[in-house]
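All remarks here apply to the structure that follows.
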There are 2 protein chains.
Amino acid sequence: MLRKTENPGVQVDVALVHYPVNNRNGETIGSAVTNLDLHDIARAGKTYGVGTYWVITPFKEQQELAGQIVGHWTHGYGAVVNPDRSSALSIISVCASYADALSGATKKFGEKPLVLATCANMQDNTLEYAKIRERIWYGEPVLLLFGTAWGLSSDMLATVDGVLPPLCGSTGFNHLSVRSAASIILDRLLGVHDSVES
Amino acid sequence: MLRKTENPGVQVDVALVHYPVNNRNGETIGSAVTNLDLHDIARAGKTYGVGTYWVITPFKEQQELAGQIVGHWTHGYGAVVNPDRSSALSIISVCASYADALSGATKKFGEKPLVLATCANMQDNTLEYAKIRERIWYGEPVLLLFGTAWGLSSDMLATVDGVLPPLCGSTGFNHLSVRSAASIILDRLLGVHDSVES
């Protein structure tokens, strides 16, 4: 059997949080599920080896909607016409709360994962991408939290083990969609880059 | 005045091609403009210092639709409620063909840019991300082409100066949305990463 250093056995989950998140005024709200958030983050997750993509919403109707979308692609007509999409969306698990996602991930990994939030602003408890990439490589289970709307609530940010640095170029502007941010962060943490390929 | 090596003066445009692209059977088609392709790639473009985001479609009605979406956010009510979104979408220029986009970019840069395609499969004329990142850093103008639907047609791929390697993790699965792919590639070429920050 290969050791973890030879076969990293990546253990990374992602969670998309629809509650509690901020609205534009910094108030805590629950946001609506968006079809392309499901597709894009599932496709990126599947590409980079994510185990489970937790879609968190406390609203029953929104859970049903998300379940119907996923079902169409994993068991309905969508699965027939596009098996790759079926494969991607099969990593989605809809749940009611962050506590449920954390509990599910902990049970699966056999230990509590390192919970990392993402935020468009620099936070105090920031952990570098390169360091986290290394910890993942050595087999540490990680749960990455992404916030919809104007981002994760400050209460939510206060409970995590660390926060990844905001994504930026050299412009000072960093208003990425959560789909873009999740894709970029997965590539930074799990992507095979030139230096690894050569 | 600063030299380019001190102030790189990034000159990067992106183009989203709706024709000519492949359908699932490898036939050349024209695809439909998608609202979130405009938003997500404009937001990533603005974040990473892209000059112009060319949205290429030969269909008049699709050009009008794209123009109306952009207009809502840059001059309409959208600009009032979300100035950051206005700023992002202001880099969009809708045009009828790749030739028009290339001509516009060439005029703006004062020279023909290096035209790079992106593709989910490895091509012969591949150029590494690290090399292109360096060439951009030293001021070379670059136009990045992204294909919608099942990707750029082979005729299109044959005309470019080079192709970027497919994005991948260690899974063998790489069915990313064009929104995710564009975001990740901009981050690889123009992002400020840990090693640069420290």
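Rule-based calculations on the coordinates, nothing more; no lab input. All values reported here derive from a predicted model rather than from experimental measurement. Positions of Cβ are backbone-derived with ideal geometry, glycine not excepted, and every protein chain shown enters the neighbour counts.
Think of chain B as having a plus end and a minus end, set by charges on the Cβ of Lys, Arg, Asp and Glu; of B:Tyr53, B:Cys168, B:Gly26, B:Tyr53 sits farthest toward the positive end of this dipole. Its Cα centre serving as origin, the protein assembly as shown has a Cβ charge dipole (Lys and Arg +1, Asp and Glu -1) of approximately 0 debye.
Here the stretch A:132-198 has an Rg and Dmax of 13.7, 43 Å, counting Cα atoms alone. Placing pseudo-labels 7 Å out from each Cα toward the beta carbon at A:Tyr77 and B:Arg135 gives an inter-label distance of 4.5 nm. Phi-derived couplings, Karplus 6.51 cos²θ - 1.76 cosθ + 1.60 at θ = phi - 60°, listed residue by residue for the stretch B:141-150: x, 10, 10, 9, 9, 10, x, 8, 6, 9 Hz, with x used for Gly and Pro. Most tightly packed first, judged by the mean number of other beta-carbon atoms within 10 Å of their residues, the peptides A:84-95, B:60-71 read A:84-95, B:60-71. Of interest is the spacing of the C-alpha centroids, which for the stretch B:12-64 and the stretch B:99-139 amounts to 16 Å. Sorting the segments A:159-170, B:100-111, B:179-190, B:141-152 by their mean number of nearby beta carbons within 10 angstrom, highest to lowest, gives B:179-190, B:141-152, A:159-170, B:100-111. Restricted to Cα atoms, the stretch B:38-99 shows a radius of gyration and a Dmax of 11.4, 35 angstrom. 3J(HN,Hα) couplings calculated from phi for the stretch B:167-173 with the Karplus curve 6.51 cos²θ - 1.76 cosθ + 1.60 (θ = phi - 60°) are, in sequence order, 7, 7, x, 9, 9, x, 8 Hz; Gly and Pro show x.
Listed by number, the DSSP H helices of chain A that run 18 Å or longer by alpha-carbon position along their axis and have mean Kyte hydropathy of at least -1.0 are A:35-48, A:60-74. The base-10 log of I(q)/I(0) for the protein assembly as shown, evaluated at q = 0.07, 0.09, 0.11 Å⁻¹, reads -0.31, -0.52, -0.80 [Debye formula, identical scatterers on Cα atoms, solvent excluded].
Sorting A:25-32, B:72-79, B:37-44 by their mean Cβ neighbour count within 10 Å, with the most densely packed peptide first, gives B:37-44, B:72-79, A:25-32.
Averaged over the residues of A:181-191, the number of partner chain Cβ atoms lying within 10 Å of the residue Cβ comes to 6.
Under the criterion of Cα pairs below 8 Å and six or more residues apart, the relative contact order for chain B equals 30 percent. Relative contact order for the stretch A:77-176: 32 percent, from Cα pairs under 8 Å spaced at least 6 residues apart, divided by residue count. Across peptide A:38-44, the mean count of Cβ atoms from other chains lying within 10 Å of each residue's own Cβ comes to 5. Placing +1 on the Cβ of every Lys and Arg and -1 on the Cβ of every Asp and Glu, with nothing else charged, gives the stretch B:12-197 a dipole about its Cα centre of roughly 200 debye. When DSSP beta bridges are restricted to pairs lying wholly in the stretch B:12-197, around 10% turn out antiparallel.
Comparing the stretch B:12-197 with the 2.2 N^0.38 Å rule of thumb, its C-alpha radius of gyration ratio is 0.99 (two decimals).
Converting phi to 3J(HN,Hα) with the Karplus coefficients 6.51, -1.76 and 1.60 and the offset θ = phi - 60°, the stretch B:111-119 yields 6, 5, x, 5, 9, 10, 9, 10, 7 Hz in sequence order, with x at every glycine or proline. Positive contributions from Lys and Arg (+1) and negative ones from Asp and Glu (-1), summed over other residues with Cβ under 11 Å from the Cβ of A:Asp187, come out at +2. Between the listed residues B:Leu190, B:Cys95, B:Tyr77, the Cα displaced farthest toward the positive end of the dipole of the stretch B:12-197, a dipole computed from Cβ unit charges relative to the Cα centre, is found at B:Tyr77.
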